[in-house]
1. Could you say which residue among Ser192, Ser224, Ser235 is out of contact with any strand residue (DSSP E or B) (no Cβ under 8 Å at 6 or more places or on another chain) and among the small types (Gly, Ala, Ser)?
2. Could you tell me which of the residues Ala269, Ala282 is among the aliphatic types (A, V, I, L, M) and over 13 Å from Cys210 (Cα atoms)?
3. So, in the stretch 191-208, exactly how many residues are of a type outside the set (Ser, Thr, Tyr) and farther than 16 Å from Arg34 by Cβ?
4. Please specify each residue of the stretch 45-76 satisfying the condition of being assigned to a strand (DSSP E or B) and within 30 Å of Ala180 (Cα to Cα).
5. For the stretch 1-24, which residues satisfy the criterion of being free of Cβ contacts under 8 Å to residues at least 60 places away in the same chain and part of a loop (DSSP other than H, G, I, E, B)?
6. Condition first: in contact (Cβ under 8 Å) with a residue 12 or more places away in the chain, on the phi > 0 side of the Ramachandran plot and part of a strand (DSSP E or B). Can you find one or more residues in the stretch 77-97 that meet it?
7. Which one of these is out of contact with any Asp or Glu (no Cβ under 6 Å at 6 or more places or on another chain) and either within 27 Å of Cys298 (Cβ to Cβ) or not assigned by TED's automatic domain parsing to the domain that holds Thr264 (or both): Trp201, Trp234?
Amino acid sequence: MADFSIRPARPDDAAAVVTLGATVHPYLVRGVARTRLMIAEPPPGEDWAAFVAERDGEPVGWVSAYRKVRTTEPDFGQISLLQVHPTARGRGIGGALFAAAAGHLRAAGVRRAAVTATPQALPFARRRGFEPVRELRYSALELAALDGVPADRVPDGVRLIALRETTAEELYAADVVAAADEPGDVAPQPPSFESWRYDIWQNPGLDHDCSTAALVAGEIVSFSLLVRDGDRVWSDMTATAPGHRGRGLARLVKSVALRRAAATGVTRAFTSNDEANLPMLAVNTRLGYRPVASQFSCVGSLEQSSGGR
C-alpha cells in the first residue's frame, strides 16, 4: 500500500510548493504569491490544474498541467515542473503525479504534450512514450559580476524606459511581434490578450521598475522582463522585434534591467534558453551568465502514455 496520496493543489500549499521547488530545482525562481494565484485563479483558457503528493501530512511532490495557448496545435499540452522531494523518491510518487497530470489533460481533450526532464529523468519520460526534441540550458549570473562589464551605449534614436512607463497593450503588441519565431515544441501562435495579461502583466513577481524596454519612434522594439522573488530574479523574456535585431538591443535592455535590479538588492539572476537560440545564448555569455543545469523538452502522445513506475 502506498504511503502517500495525490490530491488537487490548494492555495495554502503555495509556500510549501515553493520550498519544494527550491530544493529540487534551485535554478528556478517561483514566488509564493504567483503560485498561490495560479492555484486559486487558474489562467484563462488553459484548462490548468495542479496536483500535490502528500506524505505524513506534508507536500513532497508537485506537478501542473495545462493546454498550451501559444501554439498552432489546439490539442497540445504541457506537464510542468513535475518534482519529488529527494527524501521521498523511489516510492512511485513521480509516476502517480504524472498519471494525474496526463489524466487531467486527456479529460480536457489534449492529445499530445510536452514534459521537461533532467538528463537523469530521461528514462522516466521515455518509459511513458516521451522523446526529447529540444535541449534547454539554465544559467545563473552573480550580479556583482556586472560591475566589471562596461555599460552598453544607447544607440541614437533609442530611448530606454522602465516597464512602469508603458501599458499592457503596448507590451503585448511588442511581445507578439518579437516572439513569432521563438523556438518551441510546435509552431508558435500569439496568445489572446487576456491569456497574455494573466501570464505576464499580472504576474505578482513581475518587476515593473527594473524590467526595461527600448523605444524607437515611440514603439517598443526590444524588452527584458524580470520576475523577482526576494534577492533573486528570473529573466522571463528578453526579445527584439525582427526589424531591429543586430543592433545589440537585447543585450542593452537586459543589461540595464539587471543593473537596476542589482541596485535594489538583487544578487543573483537566472534564465533559460533553447540550445538552438544562439543569439540569446551569446548575449547571456557576454553578460557573464554561466550554465548551471540542463533539461530536455520531451514530446509524446497522451493516448499512449501511462502512469508506470
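The values are calculated or read from the model by the stated rules, or taken from the named source; none is laboratory data. For clarity, every value in this text was computed on a predicted model and none was experimentally measured. Cβ atoms come from the backbone with ideal geometry, glycine included; neighbour counts cover every protein chain shown.
1. Ser192 is the lone residue from the list that is out of contact with any strand residue (DSSP E or B) (no Cβ under 8 Å at 6 or more places or on another chain) and among the small types (Gly, Ala, Ser).
2. Ala282
3. 3
4. Of everything in the stretch 45-76, those that are assigned to a strand (DSSP E or B) and within 30 Å of Ala180 (Cα to Cα) turn out to be Ala49, Ala50, Val63, Ser64, Ala65, Tyr66, Arg67, Thr71, Phe76.
5. Listed by number, the residues that qualify are Met1, Ala9, Arg10.
6. The answer is yes, given that some residue of the stretch 77-97 is in contact (Cβ under 8 Å) with a residue 12 or more places away in the chain, on the phi > 0 side of the Ramachandran plot and part of a strand (DSSP E or B).
7. When all the criteria are applied, what remains is Trp234.
Residue-by-condition table, conditions (1) of a type outside the set (Lys, Arg); (2) surrounded by 18 or more Cβ atoms within 10 Å (Cβ to Cβ); (3) assigned to a loop (DSSP other than H, G, I, E, B):
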{"residue": "Thr116", "(1), (2), (3)": "yes, yes, no"}
{"residue": "Phe124", "(1), (2), (3)": "yes, yes, no"}
{"residue": "Ala144", "(1), (2), (3)": "yes, no, no"}
{"residue": "Asp152", "(1), (2), (3)": "yes, no, yes"}
{"residue": "Ile161", "(1), (2), (3)": "yes, no, no"}
{"residue": "Ala173", "(1), (2), (3)": "yes, no, no"}
{"residue": "Val176", "(1), (2), (3)": "yes, no, no"}
{"residue": "Pro183", "(1), (2), (3)": "yes, no, yes"}
{"residue": "Pro204", "(1), (2), (3)": "yes, no, yes"}
